[in-house]
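The values are calculated or read from the model by the stated rules, or taken from the named source; none is laboratory data. Keep in mind that this is a model prediction, so the values were computed, not measured. Neighbour counts are summed over all protein chains in view; Cβ atoms, including those assigned to glycine, are modelled from backbone coordinates with ideal geometry. Remember, those area values only see protein heavy atoms, side chains included, never the ligands or the DNA or RNA. Shrake-Rupley method; radii C 1.70, N 1.55, O 1.52, S 1.80 Å.
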Amino acid sequence: MYEDPVRDALRQFMAERDWQQFHTPENLAKSVSIEAAELLECFQWGDADLDSAKDELADVLTYCVLLAGKLGLDPDTIVMDKLEKTREKYPVDKVRGRSVKYDQL
């Protein structure tokens, strides 16, 4: 296992507060959705409130990392695996400069 300062800091923060008991996969998934909605709100009327967006994005990422950990998944690995699947769905020669869904290629 390699050292990851962000994940280590999150684990320590949660342990100090004994909050892991509340971090069921369901609660963490709900929190991802709630925080994502708060992030979207930062862009609701056009120009983003960058400071608020930064904080809300950090909340989304935090809950995503916690959920991955709770499920026994490595965030880096699952992102890279999904990226590979997406590469196959969206070959460069068919999608470069286009924003169509893969089933419309």
For segment 43-55, indicate whether the set of residues that are open to solvent by 100 Å² or more (accessible area, probe 1.4 Å) and hydroxyl-bearing (Ser, Thr, Tyr) is non-empty. no
Inside segment 10-32, can you point out the residues that are out of contact with any Leu (no Cβ under 7 Å at 6 or more places or on another chain), surrounded by 11 or more Cβ atoms within 10 Å (Cβ to Cβ) and assigned to a helix (DSSP H, G or I)? 11, 13, 14, 20, 22, 27, 30, 31
Take segment 79-105 and flag every residue that is open to solvent by less than 70 Å² (accessible area, probe 1.4 Å) and either under 30 Å from residue 12 (Cα atoms) or assigned to a helix (DSSP H, G or I) (or both). 86, 95
I'd like to check something: does segment 52-70 contain any residue that is in a loop (DSSP other than H, G, I, E, B), under 18 Å from residue 9 (Cβ atoms) and within 17 Å of the chain's Cα centre (by Cα)? no
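Matching residues to (1) in contact with a Ser or Thr (Cβ under 9 Å, 6 or more places away or on another chain); (2) aromatic (Phe, Trp, Tyr); (3) modelled with pLDDT of 95 or more:
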| residue | (1), (2), (3) |
| --- | --- |
| 36 | no, no, yes |
| 42 | yes, no, no |
| 59 | yes, no, yes |
| 62 | yes, no, yes |
